[in-house]
1. From Cα pairs below 8 angstrom and at least 6 apart in sequence, can you work out the relative contact order of chain B, rounded to a whole percent?
2. Identify which of A:TRP178, A:TRP300, A:TRP329 has the largest mean-square fluctuation in a Gaussian network model of chain A, with springs joining Cα atoms closer than 10 Å.
3. Which three lengths, in whole Å and largest first, does chain A cover when its Cα atoms are put on their principal axes?
4. Output the Cα-based Rg and Dmax of chain B in Å, rounding Rg to one decimal and Dmax to a whole number.
5. Take peptide A:84-91, look around each residue's Cβ out to 10 angstrom, count Cβ atoms belonging to other protein chains, and average those counts.
6. Just for the Cα atoms in the stretch A:233-317, what are the lengths along the principal axes, largest first, rounded to whole Å?
7. Quick query: amide H of A:ALA282 versus all other amide H atoms, modeled in the peptide plane; which residues come in under 5 Å with a sequence gap of 5 or more or a different chain?
8. Average partner chain C-beta neighbours within 10 Å, per residue of B:26-34?
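Laboratory data are not the source of any read-out in this text; all were calculated from the coordinates shown. Source: prediction; values computed, not measured. Reconstructed Cβ throughout: ideal geometry from the backbone, glycine too, with neighbour counts over all protein chains shown.
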Amino acid sequence: MIKKILDSSAAQWLDDRTHAVQYIRFHLIDYPTPKNLNYMYAFGSIALVVLILQVLTGLFLAMDYKAATLPTGNGFSLAFDSVERIMRDVNSGWLIRYMHAVGASAFFFVIYLHMARGLYYGSYKKPREFLWIMGVMILVIMQATVFFGYLLPWGQMSFWGATVITNIFGAIPVIGDWLLQLVRGGFSVGDPTLGRFFALHFLTPLLLVVVVLWHVMALHVVHSNNPTGVETSEKNIIPFHPYYTVKDLFGIGVFLIVYSYFVFFNPTGNGLIIEVNNFNPANPMHTPGDISPVWYLTPWYEILRSVPDKLLGIIGMGFAYVCLFLLPWLDRSPVRSARYRPVYRMMLIVFFAAIATLGYCGHHPVTPELTLVGRIASVVYFAFFFMLPFVHKFEKTKPLPEDL
Amino acid sequence: MTDQTRRALLYTVASGMGAAGVAATAVPFVRSIQPAADTLAAAVTEFDVSSVGEGMLKTIAWRGQPVFVLHRTAAMLESLHGHDELLRDPMSRAIPEVQADWMKTDEQRITRSIKPEILVVSAVCTHLGCVPGIMPTPGQKDWGEAVPANWPGGWHCACHGSNYDLSGRVFKNVPAPYNLFLPPYKYTNDTTILIG
């Protein structure tokens, strides 16, 4: 049927004027792919589905959300009440909000697996360096988006999370105080902050869509890597459609089942997806006992917390991102896939464990033990990047296959 | 079954299920932009009709739209008779919105109110939704050419020139198709009405 539509005279008419059919053929049908891509390669398509869901649910939420801290009594505010109105009065509002909240966590879950796949099979190496950099850009934009979005319900975690994170700007020497007021639009997080964060929560997804499209188009220039990491000969190339459209759709189906479980049966994810304290309205006079960011931000937050110096902690966290950006040039081994790199493979497993440990520590209140564990994990995180430029000198790689 | 027809069947079933899934996902989104529970709850308005003096008109809000409450004088009630040939639907029978279940007698179909002197009628012109202006006195003396020479008194909609008499019954040869709608209302005591 797809063939019939694309061959129709109407499609031809459109193609003569816009190249629309050629784009579809190039990106979705004829796109040449190695035949051995496993299910780890489905997360790109899954992420695209989550992005569409987030844009769609966000659009409908914005129709009923009100970005104002105007008090409505008992410590409640217009913003907080409008979210509760979405939950109680708007038809299916609860569903759309939970889809959006669970979607945010799902987005990071999928993107982290997508990145882990890229790390494991060496997909960041030449000629895909910029593809990786665009991916890290997408991660940074996502984290900005989720940070802006988390303020909107104007609950306790919204308020205190935004207070803590905006204070990071205040730590910058000389211009810090000025910058802090510029970001907040006042002396503290308040109504002006909420207004601009709502606007920015609309802007950054727009950027995200643009960079994601660029990311996909760039992928289709350099083509997909594969689990072996070796260049593939013509005979092992298959078209994207129907082979990977079907495979990705199956992956999307499995993802949607897990996603639906959380949306319908555990939308707060036991406090991981929506933190318990955010069901309390924002109170600028009282900080909750435990304020930790949502799980997908905790590894970075823990690096910040591990350094016993305000400015150095922030520099450390920034440096964690810089390392990710520099990765394609830090790794100098000519072999891509970790399948044939025993040392890199071990390092990578330890690196993933370090990130998980950082995430765990960042999610729990500070204790001397956890601080120590967090510091060790931070050191391991950076050690991974510092060792990378030297590994190829002593690593005995396994023999690579001639072809797939 | 050949392999090809099996494939075609699988293809049809799989894409059919996919399409059904997408359609089902659209349902909550469409539902969410329909009126919310609090909007529907605000659709009831209470009003004390004794606050409208004889010959006076008050415009009150019901569901965010204006409703006329007109306390008609004996002369106004008299003006409702004798111009049926000018009206499009003198007995209010065209559609359910211009009628009410308490409309039993012909007289009630002319006065279009539970108590003859208190008219409660939607202030939204049935043409394109403007609020008509009241021109209660007969003839062109007070209103000029805006109303016809045999004007019995009523409402004139300045937007597109529709005319209604003092029961909100629409004139012939104007753009508005129907009489002014009757909102559902009842008396909860002698002077209080509950609209909605």
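1. The value is 21 percent.
2. Greatest mean-square fluctuation among the candidates belongs to A:TRP178.
3. 69, 60, 41
4. Just the Cα atoms of chain B yield Rg and Dmax of 24.4, 88 Å.
5. Taking the mean over all residues of the peptide, I get 5.
6. For the stretch A:233-317, the Cα spread along each principal axis is 64, 37, 16 Å.
7. A:GLY155, A:GLN156
8. 6
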